[in-house]
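Enquirer: Below is one structure. I have some questions about it.
Each value in this text was obtained by applying a stated rule to the coordinates, not by laboratory testing. Computed from a predicted model, the values in this text were never measured in an experiment. Counting neighbours? That spans all protein chains shown, and the Cβs are built from the backbone with ideal geometry, glycine included.
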Amino acid sequence: MKKSVFFFSLLLFIVLPFSSQTPTPKNPNPKPPLTQAHTELINYGFPIGLLPASVRNYTLNQTSSEFAVDLGGTCKITLPPDNYLATYSKRITGKIDQGKIAELDGIRVRAFFKWWSITGIRSSEDNLVFEVGMVTAKYPAKNFDESPFCEGQHSSS
């Protein structure tokens, strides 16, 4: 009798912790990991969603503030809030300073039936000001809080 009580207690001791755990559902929209490029955006006052999740490499010249971001290839995303189609070249370059990205090359957006190159981005309080030559457009920075996946690409999780 003592032996069976001991065995039953041991069995409960082993099984109960596992039976009380509920499986965690897989997140259908996982957040991509932060890369060095995404962290640098934060450090300079920008949201991470300005760059897609497919960043492979990032370099920054501390003296000249020139940067280069290499993606795994070209990338298409739909930009919030107006659902503009944007294309990212496999390499994006520019100069970054606190609250300002200038001489930007490698990001184009389709608006008014034409492709436009985004040449600069400024962070202004809770907004981002996108520069397309002499024309600017202002959008809430919160629209870019998450780094998007390129269309047709999914997370590896």
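Enquirer: Please go through the range 49-152 and write out the chymotrypsin sites (Phe, Trp or Tyr not before Pro) that DSSP classes as loop and that have at most 14 other C-beta atoms within 10 Å.
Expert: When the chymotrypsin sites (Phe, Trp or Tyr not before Pro) of the range 49-152 are filtered for loop state and at most 14 Cβ neighbours within 10 Å, Phe112, Phe113 remain.
Enquirer: Read phi for every residue in the range 104-117 and hand back ³J(HN,Hα) as whole Hz from Karplus 6.51 cos²θ - 1.76 cosθ + 1.60, θ = phi - 60°, with x for Gly and Pro.
Expert: Per-residue couplings from phi come out as 6, 9, x, 10, 10, 10, 9, 8, 6, 6, 9, 8, 10, 8 Hz.
Enquirer: Got a sec to turn the phi values of the range 96-103 into Karplus ³J(HN,Hα) couplings, 6.51 cos²θ - 1.76 cosθ + 1.60 with θ = phi - 60°, whole Hz, x for Gly and Pro?
Expert: 10, 9, 4, x, 8, 10, 10, 6
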